[in-house]
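Read through the structure below, which is laid out as structure tokens, and then see the notes.
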Amino acid sequence: IYQKSGSNIAQDFMRYRLGRHINWYKSAQGETLNKTLVICFTGMAQRMMIPLPVFLQHIDASDCDVVMIRYPRGKGYRYGLEGVADGFAATVAKLGAILPVQRYERTVTIGVSGGGLPAVMAALRLNFDAALSFSGGHPEDPRWQEASGHTAAKLLQDFMQHTKKNVRGILAYADSKADEQAAKALSQLLPSSLIRIGDPNAPVGHVSLLPLLISGQLSRFLRETVLAPRLE
């Protein structure tokens, strides 16, 4: 599967459990300089639209450490993470204190589906370099209002007022009209690159990351968006 998906080198990540919903993947070779921290927010299926081991094979363990945050079943990220903090804003702030963010040369987030919008907001709150969302949610989703008393759009705007960086947003979507509308609505709040992903042989629907894997383009796509050696 590595060769078919454009990744024929096995990555040597080791997993460290940081909490019920958080795992940290680092190279078995130990610390290296000038690394990138990648914080990933899974979707409802608790993965990055594809099995986690397959996804990790497309990230260079010698250049990146990966923190994988799993979607809390039945609640989503809106109510925070058990054992970390209540509420999304408090949870992201706590992550910034738990993780040695300052140690890394570059810091980025990647989110899929229900983790797409949280990934973008987390990048803003933590002053990261870039955020990549695959088929993320709409910033006016009423479930955020129910959880915290305000919309995700309002929370995102609050984060934007305090961020010290021009966070680079990349919003990918496929054939889902709802996903396209969500991406365009989010790009009105945070200037972002909109990328439509398609498959000439079949409709893609919501799972916009999968065609990149099947066509062997996932590794290159990640490198050219959020994992570029230098983010401008």
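What does the C-alpha gyration tensor say about the overall shape of segment 129-232? Classify as rounded when a/c is under 1.5, otherwise prolate if a/b is larger than b/c, or oblate. Before the final figure, lay out the partial values.
Details: a/c = 2.74, a/b = 1.32, b/c = 2.08.
Here segment 129-232 falls in the oblate category.
Restricting segment 63-106 to trypsin sites (Lys or Arg not before Pro) that sit in a DSSP loop and have at most 11 other Cβ atoms within 10 Å of their own Cβ leaves R73. Take the Cα of A178, go 7 Å toward its beta carbon, and the backbone nitrogen atoms of segment 86-118 under 13 Å from that spot belong to 113-114. Return the lysines within reach of K35: Cα separation strictly under 18 angstrom, same-chain partners fewer than 8 residues apart disregarded; answer none if there are no such residues. The qualifying lysines are K26. Taking a point 7 Å out from the Cα of S215 in the direction of its Cβ, the residues of segment 173-190 whose backbone N falls within less than 20 Å of it are 173-181, 183-184. Protein heavy-atom accessible surface, 1.4 Å probe, per residue over segment 146-232: 56 Å². Accessible surface of the chain, 1.4 Å probe: 50 percent of it comes from carbon and sulfur atoms. Considering only alpha-carbon pairs that sit under 8 angstrom and 6 or more positions apart, the relative contact order computed for the chain is 19 percent.
The values are calculated or read from the model by the stated rules, or taken from the named source; none is laboratory data. Since we're looking at a predicted model, the values are computed, not measured. Glycine also receives a Cβ, built like all others from the backbone with ideal geometry; neighbour counts cover every protein chain displayed. SASA here: full protein model, heavy atoms, side chains in, ligands and nucleic acids out. Shrake-Rupley method; radii C 1.70, N 1.55, O 1.52, S 1.80 Å.
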